Amino acid sequence: MRKALRWLLASTVLIGTLTTAGAATAAPTLDGSRAGATPTPAAADIKDRLLAVPGMSLVQEKPYPGYRYFVLNYTQPVDHRHPSKGTFQQRITVLHKDVSRPTVFYTGGYSVSTTPSRREPTQIVDGNQVSMEYRFFTPSRPDPADWSKLDIWQAASDQHRIFTALKAVYPENWISTGGSKGGMTATYYERFYPRDMDGVVAYVAPNDVVNDEDSAYDRFFANVGTEECRDRLNAVQREALVRRGPLEKKYEAYAAENGYTFATVGSLDRAYEAVVLDYVWGFWQYSLLSDCDTIPADAKNATDDEIWTSIDTISGFSFYTDQGLSPYTPYYYQAGTQLGAPTIHFPHIEKKYVRYGYQPPRNFVPRDISMKFQPWAMRDVDTWVRHNARHMLFVYGQNDPWGAERFRLGKGARDSYVLTAPGMNHGANVAGLVADEKALATARILDWAGVAPAAVQENAAVAKPLAKFDAKLDVRDVEREPALRP
């Protein structure tokens, strides 16, 4: 359960940011040519057009009815301020519908899936979808890895180069989107390159403006759901710490059987407590109020196996092992340098049972990687959104802990919205909004994409997705990860 994103560059960095955040002209490639300049005629096969983009290479093409789907690598500079100082291959995918359709630019903020999928805005606008893997997640990691080049401006510049490279192929309107850390990513991209996209749809995006002030989370957990459900969850969490001795012996056997080690977090004991303290948060992030029936009703009289199984099902005892943490090192690095991380309290557990509390991101990153927190980062982004948001939609879930600290709009915002889906968790989406807000959000997305039918322009209440729902292709449920992170 570790929060993400905190950063703003020092004055010299900000100057560089402002000079690079202008209109989307064709980005220079690393050999000096223009990334957006493709000699391939518009009538050429889409694969040929994509591969004509300098720096683009094909990994694989996969079939899907009604689409072409490509897994690609794109050559990016490790440092966008100094492009001559090395490159890396960044993984992207393209779900191709038609060059005459709008394009949705998606990132989850982590690794990219290479299985064809369509995000909600893509279905709404019946468009193409370009998906980007976040830098430093494998395989999109420079070698050697200069971790100082993992920040939100560098990542936004990755998106900017991809957009300028592909805008000549997909000339119609573009909308960026992402969920959770991906929603944060889409927001940061808009902050640094506000002229690239025609709209932004950011789902369940946390906004930790002041890293050391997390009382909003304590208020959230004191009121979320029902008292009965909160009591059940709190009792199981407490009981897991009361029974630390026997359950840690079970954990030792579990780790030995699976070859798990604990060098990064420091000990099995630290890992055990981290998993247990993630339990309540994890339930509300991934589950619904109706799932409370799956939680042991009488924790004190439950068996050790019942307590273990409930904690493991929701939090995952494998996560804070070295093997579980390793794929998420880039996330924890960002949480500890720019994004921030939540700290909450546990008034239902006596202090004698809590040895470490919520541990900082530093504890989940190998010690040979240096980290220094930049407290101005999120403050800058938050201020920009409040005063400059344009064509931005933020969607949150009522029962999602990450929504306790969210983006808000100020007087300077234009045609932008913050909407909350009742009863929903970290998988909140437009489809889960109340009817009038669902229609409003759908109508604005269609308008930003340039494909709003005349009837929708006259009456937003009739707005609906242009493409039929495809149960195999359309991703709707919250993407569950072993760690509690955005």
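The values are calculated or read from the model by the stated rules, or taken from the named source; none is laboratory data. These figures come from a predicted structure and were not determined experimentally. Cβ: placed from backbone, ideal geometry, glycine included. Neighbour counts: every protein chain shown. When the accessible area is computed, the model is the full protein with side chains, heavy atoms only, and any ligands, DNA or RNA have been set aside. Shrake-Rupley method; radii C 1.70, N 1.55, O 1.52, S 1.80 Å.
Dipole of the range 318-476, Cα-centred, from +1 at each Lys and Arg C-beta and -1 at each Asp and Glu C-beta, to the nearest 20 debye?
380 debye
Rounded to the nearest 500 deg cm²/dmol, what is the calculated helix-only ellipticity per residue at 222 nm for the chain, with -39500 (n - 2.57) per DSSP H run of length n ≥ 4?
-9500 deg cm²/dmol
Which far-off residues, 5 or more places away or on another chain, put their amide H under 5 Å from the one on residue 69, with H placed in the peptide plane?
62, 64, 96
Residues of the range 189-283: accessible area per residue at 1.4 Å, in Å²?
Result: 37 Å² per residue.
Taking the Cα centre of the chain as origin and charging only Cβ (+1 Lys, Arg; -1 Asp, Glu), how large is the dipole, in debye to the nearest 20?
1140 debye
Which distance in nm do the two modelled labels at residue 43 and residue 242 give, with both placed 7 Å along the Cα-to-Cβ direction?
Placing both labels 7 Å along Cα→Cβ, they lie 7.8 nm apart.
Quote the FRET efficiency, to the nearest 0.05, computed for residue 367 versus residue 59 with a Förster distance R0 of 30 Å and r equal to the Cβ-Cβ distance. Could the numbers behind the result be given before it?
Working: r = 34 Å, r/R0 = 1.13.
That pair, residue 367 with residue 59, gives E of 0.35.
Please report the relative contact order for the range 114-228, taking Cα pairs under 8 Å with a sequence separation of at least 6, and give it as a percent rounded to a whole number.
Here the relative contact order equals 20 percent.
Where does the range 139-215 land on Rg(C-alpha)/(2.2 N^0.38 Å)?
Numbers: Rg = 14.4 Å, N = 77, 2.2 N^0.38 = 11.5 Å.
Normalised by 2.2 N^0.38 Å, the Cα Rg of the range 139-215 equals 1.25.
Just grab the label-to-label distance for residue 267 and residue 379, each label 7 Å out from Cα along the Cβ direction, in nm (one decimal).
Reported label-point gap for residue 267 and residue 379 is 3.7 nm.
Counting only protein chains, not ligands or nucleic acids, how are 172, 458 ordered by accessible area (probe 1.4 Å), most first?
458, 172
Which whole-number percent gives the relative contact order of the chain, counting Cα pairs below 8 Å spaced six or more residues apart?
21 percent
Can you classify the range 171-248 as rounded, prolate or oblate using the Cα gyration tensor, where a ≥ b ≥ c are the square roots of its eigenvalues, rounded means a/c under 1.5, and otherwise it's prolate if a/b beats b/c and oblate if not?
prolate
Rounded to the nearest 0.05, what FRET efficiency is calculated for residue 356 and residue 386 with R0 set to 56 Å and r the Cβ-Cβ distance?
Step by step, r from the Cβ atoms, then E = 0.95.
Rounded, prolate or oblate: which fits the range 236-345, taking a ≥ b ≥ c as square roots of the Cα gyration tensor eigenvalues, rounded meaning a/c under 1.5, else prolate when a/b beats b/c?
Cα axes put the range 236-345 in the oblate bin.
Which order do you get for 85, 372, 47 if you rank them by accessible area with a 1.4 Å probe, largest at the top? Don't skip to the end; give the middle numbers.
On the way: 85 140, 372 165, 47 60 Å².
In descending accessible area the options line up as 372, 85, 47.
Evaluate the relative contact order of the range 82-136 (contact order divided by residue number), counting alpha-carbon pairs under 8 angstrom at least 6 apart; express in whole percent.
Once normalised by length, the contact order is 49 percent.
Taking a 1.4 Å probe, which of 62, 464 shows the most accessible area, and what order do the others take after it?
464, 62
Shape of the range 76-228 from its Cα gyration tensor (a ≥ b ≥ c, root eigenvalues): rounded if a/c is under 1.5, otherwise prolate when a/b > b/c, or oblate?
The shape class here is oblate.
Taking the simple approach of a point 7 Å from Cα along Cα-to-Cβ for both residue 231 and residue 85, what is their distance in nm?
Going by the 7 Å Cα→Cβ label model, 5.9 nm.
What FRET efficiency comes out for residue 348 versus residue 98 if R0 is 51 angstrom and r is the Cβ-Cβ distance? Round to the nearest 0.05.
Values: r = 55 Å, r/R0 = 1.08.
Efficiency for this residue pair is about 0.40.
At 1.4 Å probe size, what's the solvent-accessible area of residue 149? Round to the nearest 10 Å².
The accessible area comes out at roughly 40 Å².
Keeping all protein chains in place, calculate the accessible area per residue for the range 55-97 (probe 1.4 angstrom), answer in Å².
42 Å²
Only Lys, Arg, Asp and Glu count, each charged at its Cβ (+1, +1, -1, -1), so figure out the dipole size of the range 85-147 about its Cα centre, rounded to 20 debye.
40 debye
What are the ³J(HN,Hα) couplings of the range 228-235, residue after residue, when phi is run through the Karplus curve with 6.51, -1.76, 1.60 and θ = phi - 60°? Round to Hz, x for glycine and proline.
For the range 228-235, the Karplus curve yields 4, 5, 4, 5, 4, 5, 4, 5 Hz.
Of 434, 204, 128, whose Cα points farthest to the positive end of the dipole of the chain (charges on the beta-carbon: +1 Lys, Arg; -1 Asp, Glu; origin at the Cα centre)?
About the Cα centre, the residue reaching furthest to the positive side is 128.
Expressed as a whole percentage, what fraction of the accessible surface of the chain belongs to carbon and sulfur atoms when a 1.4 Å probe is rolled over the protein heavy atoms? Display every interim value, and only then the final one.
Working: 9660 of 19000 Å².
Carbon and sulfur together cover 51 percent of it.
Need the full-extension length gain, residue 212 to residue 408, defined as separation in residues times 0.36 nm minus the C-alpha distance. One decimal, nm.
Stretched out fully, the residue 212 to residue 408 stretch lengthens by 68.7 nm.
Report the antiparallel proportion of the DSSP beta bridges in the range 86-145 as a percent, rounded to a multiple of 5.
Bridges in the range 86-145 are about 50 percent antiparallel.
From a point 7 Å beyond the Cα of residue 256 in the direction of its Cβ, which residues of the range 272-300 have a backbone N at a distance under 18 Å?
In the range 272-300, the label zone of residue 256 (backbone N under 18 Å from the point 7 Å along Cα→Cβ) covers 272.
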